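One structure, as structure tokens, below. Some questions next.
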Amino acid sequence: DFCFRSSVTKQVQICSAMLTMITVLVPSPFSLPRKHSFSSRCSFKLCCSDNRSNESSCSNFSRRLALFQLGTAIPQSQVLGVKASELLRPAESTTKTNNIGNVAEMNSNLTEDSALRWAKKDKRRMLHAVYRVGDLDKTIKFYTECFGMKLLRKRDIPEERYSNAFLGYGPEDSHFTVELTYNYGTDKYNVGNGLHFGITLDDVAKAVNLVKAKGGKVIKESVLLDGNSKIITYVEDPDGYKFELSEAATTPEPLHHVKLCVGNLDRSINFYKKAFGMDLLSKQDNPEYKYSEVTLGYGPEDTNPVLKLTYNYGVTVYDKGDGYAQIAIGTDDVYKTAEAIKLFDGIIALEPGPLPGINTKITACLDPDGWKSVFVDNVDFLKELE
């Protein structure tokens, strides 16, 4: 374990390297220079000496680490073209177990062939998309009134200075949802230019009028897609997140897709098929509009949430901003999933293991473009819902 002792805890930014044990005495307040780098694979305990007991201080900070790991409580900062909080994910701070050793021991014989088989038989589904907003109540009101979403659960953690809420069109154990996070004192985020979300509604015109009246923005008026009867409109919520609204009488999964822009489409297809076990559902090239797009997922597009990847001709890098965090995906085994992702050149941003204070096992990774995803243990996720 790393043990840092100080009267004031500040954000610690850590990047790559392997260390086994270190004790650092630092002044208050403290920060680590950029030239010092540590691995997210190493676990550490941060202890604070003040009027409270060290045990209490460490316990409270473990909860902050859990928020840091999930990308919810600490705004991201730019490091080497990738967000620091996407790279830094300390492991469980209080356990004596070495998760890295466990992974190696459990899956040392995992080959590419066995990893591909594992990814296909694993019970995976897209759980939720996580992003930050400047006014939680305002956004909840906007989504429920304009998009017809339901508030599924909400929690406020004042001691950690954050609140979050889950919204969607059905129970979390069977539907894709959004997880909104509000960090106290932060009312604006850069949403970037590389993503949007897709929703299917029974009356797009009604939704558009509500968006205009409730503080949103219409960025592209309704059009007929490919000359057929499918109406498509693009709007922004009050925080600037973009939504593609399409019209259909009924659909089992109204929150239909997350669309990410990528710099190399073939590279991304290969990664998500092999490392994530997704199926390539469709592919289209649109030279007249200078973009290509594919759809990937864990089941048919008409009944499941999907991931859409877009390549805009000649564009290889996008501003990811500091608002969007990740997509969460369910898995039966975060340890084996992490090993499979490594075999196919994925970057593990958080080694698999239980989160401090929560005990839900997760692992996080970055795709070739730096977009982050989190795999969550299926059994632990259901326990959270209980």
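Read-outs throughout are calculated quantities, based only on the coordinates presented, and are distinct from any laboratory measurement. As the structure is a prediction and not an experimental result, all values here were calculated from the model. Reconstructed Cβ throughout: ideal geometry from the backbone, glycine too, with neighbour counts over all protein chains shown.
Once phi is turned into θ = phi - 60°, what whole-Hz ³J(HN,Hα) does the Karplus curve with 6.51, -1.76 and 1.60 give for every residue of the stretch 203-209, x standing for Gly and Pro?
Whole-Hz 3J(HN,Hα) from phi for the stretch 203-209: 8, 5, 4, 5, 5, 4, 4.
Might you report the magnitude of the Cβ-based charge dipole of the stretch 114-385 about its Cα centre, with Lys and Arg at +1 and Asp and Glu at -1, to the nearest 20 debye?
Computed about the Cα centre, the dipole is about 160 debye.
Could you order peptides 131-140, 363-372, 170-179, 287-296 by the average number of other Cβ atoms within 10 Å of their residues, highest first?
363-372, 131-140, 170-179, 287-296
Let me check I've understood the local charge: for Val262, count other residues with C-beta under 9 angstrom from its C-beta, Lys and Arg +1, Asp and Glu -1. What total comes out?
Charge balance in the 9 Å sphere: -1.
Mean 1/r over all different Cα pairs, inverted: what Kirkwood radius does the stretch 328-386 give, in Å?
So the Kirkwood estimate lands at 11.5 Å.
So in the stretch 114-385, what percent of DSSP beta bridges are antiparallel if you round to the nearest 5?
Roughly 75 percent of the DSSP beta bridges within the stretch 114-385 come out antiparallel.
Work the Kirkwood hydrodynamic radius out for the stretch 283-360: mean of 1/r over every pair of different alpha-carbon atoms, inverted, in Å.
Final number for the Kirkwood radius of the stretch 283-360 is 16.0 Å.
Please give the direction-averaged projected area of the C-alpha convex hull for the stretch 114-385, in square nanometres with one decimal.
For the stretch 114-385, averaging the hull's shadow over all directions gives 14.0 nm².
Suppose R0 equals 30 Å; then what is the FRET efficiency for Ser222 and Lys383 from their Cβ-Cβ distance, rounded to the nearest 0.05?
So, using R0 = 30 Å, E works out to roughly 0.10.
Counting Lys +1, Arg +1, Asp -1, Glu -1, what net charge surrounds Gly216 among other residues with beta carbon under 12 Å of its beta carbon?
Net charge around Gly216: +2.
Moving to a separate point now. Taking K and R as +1 and D and E as -1, what net charge do the other residues with C-beta under 12 Å from the C-beta of Gly148 add up to?
Result for the neighbourhood of Gly148: -1.
Which value, to two decimals, describes the C-alpha radius of gyration of the stretch 219-349 once divided by 2.2 N^0.38 Å?
1.15
Would you calculate the separation in nanometres between label points at Ser114 and Tyr289, each defined as 7 Å from the Cα along the Cα-to-beta-carbon direction?
That separation, rounded to one decimal, is 4.5 nm.
Which lysines, on any chain, are close to Lys383 with Cα under 23 Å apart, when same-chain ones fewer than 8 places away are left out?
Leaving aside lysines fewer than 8 places away in the same chain, those within reach of Lys383 are Lys121, Lys123, Lys150, Lys154, Lys336, Lys361.
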